[in-house]
Amino acid sequence: MKSKLLFLIITLLLISTNALAGGFQLNEHGAKALALGGAFTAVANDPSAVYWNGAGLSQFSGTHLMLGSSLIAPQSSFRGVYPDITKYRAANLVFFPTHFFATHAFSEKFSAGFGFTTPFGLGTEWDSDWIGKYLAVKTQLMTFTLSPVVTYSPIKQISLSAGFVYSFANVIIERKVQPSTILADDAYVSLEGNDNAAFGFNAGLMIKPTSFLTIGASYHSQVKYGFTGTATSTGPAQLQSQLPSGDISAELTTPQNIAVGIAIDITKNLKVSADYQMVGWSSYDKLEVKFEETGTVSSSPRLYDDSYIIRFGAGYRLNDQVSLMGGAYFDKNPVSTKYLNPSLPESDRLGLSCGIEGRLFDNFTITGSYLFIRAKQLTVSDSEEIYSGLGSTFNGTYNSSANIFSLGFVYSF
Amino acid sequence: MKLKIKFIVSLFLSALFFISCNDYSDLTPVVQDKVSGSADFTRFVTIGNSITAGYQSGTIYESAQMYSYGNLIAKQVGTDYQVPYVSDPGLGGRMEVQSLSPFTLYTNTSSGIPLNANYPAAYNNLGIPGALTYDVLFAKNSTTCASFVFSNSPNPYFDFILRGKGTQLEQALSLKPTFLTLWIGNNDVLGYATSGGTSPAAPTSVAQFTQLFGGIAQGIQQYKTQSGTNPGVLVGNIPNVSAIPFFTTVGPALAINPAVKWWQIRLMQQGSGLPLTGLIYASHEGGTNLGMLPFKVGFADSTALLSGSTLITLRGQTYAGLLGQQTGKFYRDNNIPVPLGIDTTKPFGFHPQNPFPDAFVLDPDEITTSNNAVTGFNNVIAGVAQQNGFYVVDINTKFNELRAADFTGGTVINGIPFKTTYVEGGLFSLDGVHPSSQAHGIIANEFIKVINAKFNANIPLVDVGSIPGSIFFSGKYSYRDNNLIIPYNLFDHLLF
C-alpha cells in the first residue's frame, strides 16, 4: 500500500507530456490526450475526440461534456550574439488555453459533437532593451475555433467524421525599429490585428479490424486568416513621419495536419498507441504586413518546411476508478535556422508526459496531466535575421523548455 | 506488471531529471587567454586625447565612452578597463539633432553625473579631451595644462580625469602596464586648423613635437628599465585633419547652394575692380593686400569651395547663411568690437570691407601648414616607434582609404555603409571631428590587426555592425528655414 501511494505521488508529479508543438501549434486539447503524448488519433475515447479524431465519437453512447484547461509555462533563453555568449532570458509567461467539448450519440450509427479549442497560439516577450530588440520584443498570437462535428458509423468496425471549423484570432507584434544605424534613438512599433471569421474543416476515420487493434486517421485543413488592425509607433518626434502608423492588414495561413495512428490493447488493462502526424508548415512562408495608408508592405521570409510529430502513449487501468498514462513525442523543427527568429524560438522538441484519470462518480471523471517539453539546444550560425546594422546576423544559441499542467473534467448523462 | 510500470515511470523521471537539470552552461567564452599571443593584457592602459576618451558630439557620456576603441579592445581580450564614466547626456553641452528636415542641431544643457569618480587607482583610459602632446608629460591639473599655460584657458577635464594623481604618463606607468597604447598629437594641429589658423597661430612645431613625443617614449623606456618588464606599446599616428567633416561640409554645400548666385556675385565684384572673385574672407596668413584696408583678404570662388582647396569650418555654418547681407552679427554675437576698416553695411562675405571671418576659413596656405604638420608628426611617430620597439597603428592610411572610397560609394563594414561625410556618413559624431561609436570599432580593429600581426595573437575583430549609433535626438522640435542650422555658440566649448 505504501509503495502504491509513492507510485501515485510520483505519477502525479510527472503526469504527461505533450504541449507546445512545433511552430505555434498548440496540441493541448484534453488532459488525457496530453498524458498519452498526443498519440490519441486511434484512441479518441473521450469528448476531446471532437478535435483529435471525430470518428472516435462512435465509441461512446449518451451525452458527454468536457471542460478543461492547460497551464503552459514556457521558458526561453538566447545566448549571443556570437561570438559573445551573454545570456538573455525571455519573460516567463503563463498561458491558459481552455477547451470545451460536447458530444451526443443519436444512435449507434450517428453521433455529433461540438468543440471549442485554441489550436494555434504563441507568446514571447523579451526585454525591450535586449540585444534582439529590433527582431522581437513582444509577440502574441491566439486563434480560437468553434467546431461542430458529425460522425457516421456504417458498420461497427468503421466510423467516419466530418467537421466544420469557424475560427477567430488576434495577433500582437511589438518590436523596436532602428531608423538608422548612426542614431542612438530608436522607436517602438506595435502592430495589433484580429480576424473575426476564418473557416476550415476536418475529417476523421477510425477502423477496428480486430477487438484489440484500432487504426485512426484525421485531417485538419488549413485556415486562412486575414488580420486587420492598427499600427502604433512611439519614438522621437523627429522620426514621426517615418514611423509606421494607421491601419494595417496581414495574412496568415495555419498549416494543415494529417495524422495516422494505431492503438493496441496489449492486455485488458494496458493500451498502447502511436501516431504519426504531418504538419504542413510550408503554408507559413512569410510574415507580411501591409500598411493601408501608404500602401507599403513589410515582408520577412519565414519559409517553414513541412514537418512531423511522432507520438507514443500508454495507458494502464489500475482499477475501475483509476488509470495511469504516460507518453512521449518527438516534434521536428519546421524552420530553417536561417530564419529562426526570437519571436518564436524553435528547435526539435521532445515531450514527456504522464497523467492520471480518476472516475470519481459513475458519471464524472477528472483527469490531470503533466507534460515537460525540452527543445533541443540550437546553435544558429547561418542566420539571415538582422538585429542591428545591415550585416549583423543574429547568430547564437537558443534553449527552450516548457512545463504544462492540464486538468479536465468529463460529465456524462 | 506493476514493477514494469514502476520501472518505466522511474525511467521517465530520470530522463526528465537529466534533460531538465542540464543548464547547458558548457558554452565556452570565445575570448581565451591564448588569443592575445605574446601580448599581455593583464594591465592595459590607453593614453590619448578626446578620441581615446570616447568624446563625441561635444562631451563625454557613458553610452559613447563604453564604445571607445580602448573599451572595445579590452572587451575583445577580456581584461579590466576602468573609465571615468559620466552618465548620459554627459558633462554638459552634448550636441543633439533637433530636427532632421531641416537638419538642426541643439545643445543639451543638462548634465549627467560622474559614475566612477572614486576609483582609487588611475583609470585605464587616460584619454583627456583637449590634451596636447605637451600635456601627457607636464599637465597635472586644469591650470598646468597647455591651454592654461599658453592661453589662460583652464581645461576642467584634466581635474576630472587626473584627480591630482600626476600626469597622464605618470598615472599610466603607476598602473604597471603590461600593454600600453599612445595616440597623441592630433590636437597639436587641430587647434590651429579648427580655428581657421588663428588660435593658436601655428601648429606645434615638428621640432617641439619631436622633443615632446621623444620625451614620452623616454619615460616609457625608463619604466621598462626600472621595472624590468617589457610592455607592448602601440602608437597611433595622426589622420589628415583637413579631410574631416568639420572642414569638408560647409564649403561644398555653399558652392552648390542655389540661393547663392555665384555668377551675379562675380559680375558685381569684377565691376568694382577686384582682382579676384568669390567669397571674400579675412586672411592674416596669405591673402591679398587691397591697399586701402588695414587687413588682407582672400578669395574663394565656388570651384575652390566645392573642391575643398579652401575650407570653411562647421563653426562658419552659422554665418554662411548671412552671406550677402548687410550684417555685423558675427561681431555682435562674439562681443568683438568691429575692427578698423570693416563696414558692416557692405554685403557680408562678398565685399572686401565686410569679409567672412578669418577664424572660419582654412585657406590653401593654412591647409598646407596643417598637412605639413601632420606629415611631420607622423614621421616623428614612425621614427620614435622604430627606435623604441613600439608598433605604429597607421590610422592616417586607414582614414585616407575611407576618405578615398567616399567618391566610389563609401565603404561597407560589417554590413554598414560608411563615408567620411558629416552625420550621414556614420563615421563622425555631430561635432564633425570625433569618431562615432562605430568608427571607434573600425579604429579598434586597426589596433587589433597590429597586435595580431606583431604579437602572434588571434584577437577577434570587433563586429562594427553590432555597435549602436551614438547620435541622439533632442527633446525639442522646431522648424526654421531649409539650411543646416547650427546655433552660433554650439561649437564654443568644443575640445579635441
Residues that are within 12 Å of chain B (Cβ to nearest Cβ), over 15 Å from the mean Cα position of the chain (by Cα) and of a type outside the set (Lys, Arg): find the strands (runs of 3 or more DSSP E) completely inside region A:277-393 holding 1 or more of those.
A:307-317, A:322-331, A:349-361, A:364-380
Only residues that are out of contact with any Ser or Thr (no Cβ under 6 Å at 6 or more places or on another chain) and either closer than 20 Å to residue A:41 by Cα or surrounded by 24 or more Cβ atoms within 10 Å (Cβ to Cβ) (or both): list them for region A:357-372, please.
A:367, A:368
Going by the conditions given, is residue A:407 within 13 Å of another protein chain (Cβ to nearest Cβ) and assigned to a strand (DSSP E or B)?
no
By residue number, the members of region B:132-179 that are of a type in the set (A, V, I, L, M) and either farther than 20 Å from residue B:211 by Cα or part of a helix (DSSP H, G or I) (or both) are B:136, B:137, B:146, B:149, B:161, B:162, B:169, B:172, B:173, B:175
Take residue B:229 and tell me if it is in contact (Cβ under 8 Å) with a residue 40 or more places away in the chain, under 30 Å from residue B:377 (Cα atoms) and more than 28 Å from the chain's Cα centre (by Cα).
yes
Given (1) closer than 28 Å to residue A:182 by Cα; (2) part of a loop (DSSP other than H, G, I, E, B); (3) modelled with pLDDT of 90 or more, identify the lone condition not met by residue B:41.
(1)
Among the numbered criteria (1) under 23 Å from residue B:197 (Cα atoms); (2) surrounded by fewer than 23 Cβ atoms within 10 Å (Cβ to Cβ), which single criterion is violated by residue B:262?
(1)
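Residue-wise test of (1) more than 23 Å from residue B:434 (Cα to Cα); (2) aromatic (Phe, Trp, Tyr); (3) modelled with pLDDT under 95.
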{"position": "B:119", "(1), (2), (3)": "yes, yes, no"}
{"position": "B:132", "(1), (2), (3)": "no, no, no"}
{"position": "B:144", "(1), (2), (3)": "yes, no, no"}
{"position": "B:153", "(1), (2), (3)": "no, no, yes"}
{"position": "B:158", "(1), (2), (3)": "no, yes, no"}
{"position": "B:167", "(1), (2), (3)": "yes, no, no"}
{"position": "B:198", "(1), (2), (3)": "no, no, yes"}
{"position": "B:202", "(1), (2), (3)": "no, no, yes"}
Restricting attention to region B:273-283, and to residues there that are touching a residue at least 12 places away in the same chain (Cβ under 8 Å) and surrounded by fewer than 16 Cβ atoms within 10 Å (Cβ to Cβ), which single residue is farthest from the chain's Cα centre (by Cα)?
B:275
Quick check on region B:51-70: of everything there that is part of a helix (DSSP H, G or I) and in contact (Cβ under 8 Å) with a residue 60 or more places away in the chain, which residue is farthest from residue B:436 (Cα to Cα)?
B:70
Members of region B:441-496 that are modelled with pLDDT of 90 or more, away from every other protein chain (no Cβ under 13 Å) and closer than 21 Å to residue B:186 by Cβ:
B:443, B:444, B:445, B:446, B:447, B:448, B:449, B:450
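Within the bounds of region B:407-418, is there any residue that is without any contact (Cβ under 8 Å) to a residue 60 or more places away in the chain, assigned to a loop (DSSP other than H, G, I, E, B) and at the interface with chain A (Cβ under 10 Å from one of its Cβ atoms)?
Taking every residue of region B:407-418 in turn, at least one turns out to be without any contact (Cβ under 8 Å) to a residue 60 or more places away in the chain, assigned to a loop (DSSP other than H, G, I, E, B) and at the interface with chain A (Cβ under 10 Å from one of its Cβ atoms).
The values are calculated or read from the model by the stated rules, or taken from the named source; none is laboratory data. Values in this document were obtained by computation on a predicted structure and should not be read as measured data. Glycine gets a Cβ as well: all are built from the backbone with ideal geometry, and neighbour counts include every protein chain shown.
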